[in-house]
């Protein structure tokens, strides 16, 4: 059975004072994911809200492995310290409709 490709969207609001450090951390995480798993990530910001960021990873077939690696990288980068007060990192998963 072939796994259905999953599209991952991770979004969060960045503390303005932490934006440069957050950008550097995301760049390191992208490199590590590419080196470890061959997964390419893309970073977006809100059109009208540049502190609202979204990482996009698509399409992926090894979701559990990816999620474990991403969680490990976020923890090692202490990514929570870059978030705006009251914000959290959210991950949404989407699959194509049949």
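The values are calculated or read from the model by the stated rules, or taken from the named source; none is laboratory data. From a predicted model like this one, the values you see are computed outputs, not experimental measurements. So basically every Cβ, Gly included, is an ideal-geometry build from the backbone, and we count neighbours across all protein chains shown.
Structure notes:
- Hits in the range 69-82 - residues which are in contact with a helix residue (DSSP H, G or I) (Cβ under 8 Å, 6 or more places away or on another chain), outside any loop (DSSP other than H, G, I, E, B) and surrounded by 12 or more Cβ atoms within 10 Å (Cβ to Cβ): 69, 70, 73, 74, 79, 80, 82
- Residue match in the range 56-66 (condition: surrounded by fewer than 12 Cβ atoms within 10 Å (Cβ to Cβ), without any contact (Cβ under 8 Å) to a residue 24 or more places away in the chain and closer than 17 Å to residue 84 by Cα): no
Residue by residue, here is whether (1) at pLDDT 95 or above; (2) touching a helix residue (DSSP H, G or I) at 6+ places or on another chain (Cβ under 6 Å); (3) part of a strand (DSSP E or B) holds:
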position: 26; (1), (2), (3): yes, no, no
position: 50; (1), (2), (3): yes, no, no
position: 55; (1), (2), (3): yes, no, yes
position: 64; (1), (2), (3): no, no, no
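- Qualifying residue in the range 35-51 (condition: under 14 Å from the mean Cα position of the chain (by Cα), in contact (Cβ under 8 Å) with a residue 40 or more places away in the chain and surrounded by 16 or more Cβ atoms within 10 Å (Cβ to Cβ)): no
- Cβ-Cβ under 8 Å pairs, at least 6 apart or on other chains, the range 1-25 side surrounded by fewer than 12 Cβ atoms within 10 Å (Cβ to Cβ), far side modelled with pLDDT of 95 or more and assigned to a loop (DSSP other than H, G, I, E, B): 16/51; 16/84
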